[in-house]
Amino acid sequence: MKFTCMKWSALPILVLMAGTVALAKDLSSADSQQPDEAQSGSPATAATPAAAPTPEAKPKPTVARRKENQQDRIAQGVKSGQLTPGETSKLESKEAALNAETKADRAANGGKLTAAEKKQINGQQNQLSKQIGKDKHNASTQHYANNKVDQRRENQQDRVAQGIKSGQMTAGEAAKAEKQQKGINRQVAADRKANGGTLTASEKKQVNHEQNAASKNIYNKKHNLKTQPKPN
């Protein structure tokens with residue numbers, strides 16, 4: 001009877017000891033996990049995020065590439081009607097002069113441009129770029145009606161624009177072609193003004209004849225040996 005009593009009285013002590021051992025194991029396990037939690041980014045020891053790589057600066061366009069960009073902008077302006085033939089002729093004349101200057105500088109330096117020459121040409125291209133933007137966004141635009149005369153004028157402009165963009169026409173050739181279109185447009189405007197906004201049969205015939213000549217010139221300029229070199 002005494003043994004049985006001692007047995008039951010010792011049971012709570014054993015339970016208490018077992019709980020103490022389990023708690024000690026839990027604490028030991030928690031201590032062993034703390035370094036891993038720090039490495040995985042706990043607030044106390046969070047690693048500083050790596051700085052994002054700085055994007056590389058885009059290289060400045062070459063002289064040849066910039067010339068092509070200017071021509072593309074002019075071609076788009078001709079195609080859209082934002083540039084009139086008169087404006088286009090002046091822009092292309094400036095581009096032709098700049099191309100001639102670049103060619104002469106290269107010839108004098110074994111095919112290359114000096115740093116000073118590159119800087120000068122870049123400054124001139126900046127001025128031309130501003131002029132293109134100004135001409136494309138001023139009040140002067142080329143409008144084409146649905147009549148045959150205006151439709152043909154628009155067709156000629158589209159052919160010139162394609163020739164400029166493709167490089168089939170040099171800046172000098174485009175300037176001459178646009179100068180010819182400018183003359184025809186002035187004549188049409190004067191004839192219409194003198195006749196209440198219309199053209200007589202003889203005036204239409206004359207304009208058509210002049211556009212035939214302009215068409216041949218555009219074709220010849222686009223298929224001769226002179227081309228605007230594309231940058232590599």
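The values are calculated or read from the model by the stated rules, or taken from the named source; none is laboratory data. These figures come from a predicted structure and were not determined experimentally. With ideal geometry, Cβ positions are generated from the backbone for all residues, glycine too; neighbour counts draw on all protein chains shown.
Here are the numbers for this structure:
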read-out	value
Residues (closer than 26 Å to Gln228 by Cβ, polar (S, T, N, Q) and either buried (at least 18 other Cβ atoms within 10 Å of the Cβ) or modelled with pLDDT under 95 (or both)) located in the range 146-165	Gln156, Gln157
Subset tally (residues that are among the basic types (Lys, Arg) and either touching a residue at least 40 places away in the same chain (Cβ under 8 Å) or under 18 Å from Lys216 (Cβ atoms) (or both)) for the range 175-197	3
Condition met for Lys90 (part of a helix (DSSP H, G or I), buried (at least 17 other Cβ atoms within 10 Å of the Cβ) and not hydroxyl-bearing (Ser, Thr, Tyr))	yes
Lone unmet requirement of (1) under 30 Å from Thr62 (Cβ atoms); (2) in a loop (DSSP other than H, G, I, E, B) for Asn146	(1)
Positions within the range 190-232 being touching a Gly at 6+ places or on another chain (Cβ under 9 Å), in a loop (DSSP other than H, G, I, E, B) and not β-branched (Val, Ile, Thr), in sequence order	Lys226, Gln228, Pro229, Lys230
Matching residues, the range 102-119, being part of a helix (DSSP H, G or I), without any contact (Cβ under 8 Å) to a residue 12 or more places away in the chain and over 24 Å from Glu173 (Cβ atoms)	Ala108, Ala115, Ala116, Lys119
Leading residue by the ranking (nearest to Ala161 (Cα to Cα)) among those in the range 109-145 that are loosely packed, with under 11 Cβ neighbours inside 10 Å and small (Gly, Ala, Ser)	Ala145
One residue from Ala96, Ala104 being farther than 19 Å from Ser140 by Cβ and surrounded by 17 or more Cβ atoms within 10 Å (Cβ to Cβ)	Ala96
Which listed residue is of a type in the set (Gly, Ala, Ser), surrounded by 15 or more Cβ atoms within 10 Å (Cβ to Cβ), at pLDDT 95 or above and over 16 Å from Ser80 (Cβ atoms), from Ala190, Ala175	Ala175
Residue within the range 159-172 that is among the small types (Gly, Ala, Ser) and more than 20 Å from Ser80 (Cβ to Cβ) present	yes
Only listed residue being part of a helix (DSSP H, G or I) and touching a Ser or Thr at 6+ places or on another chain (Cβ under 8 Å), chosen from Asn122, Asn155, Asn99, Asn126	Asn99
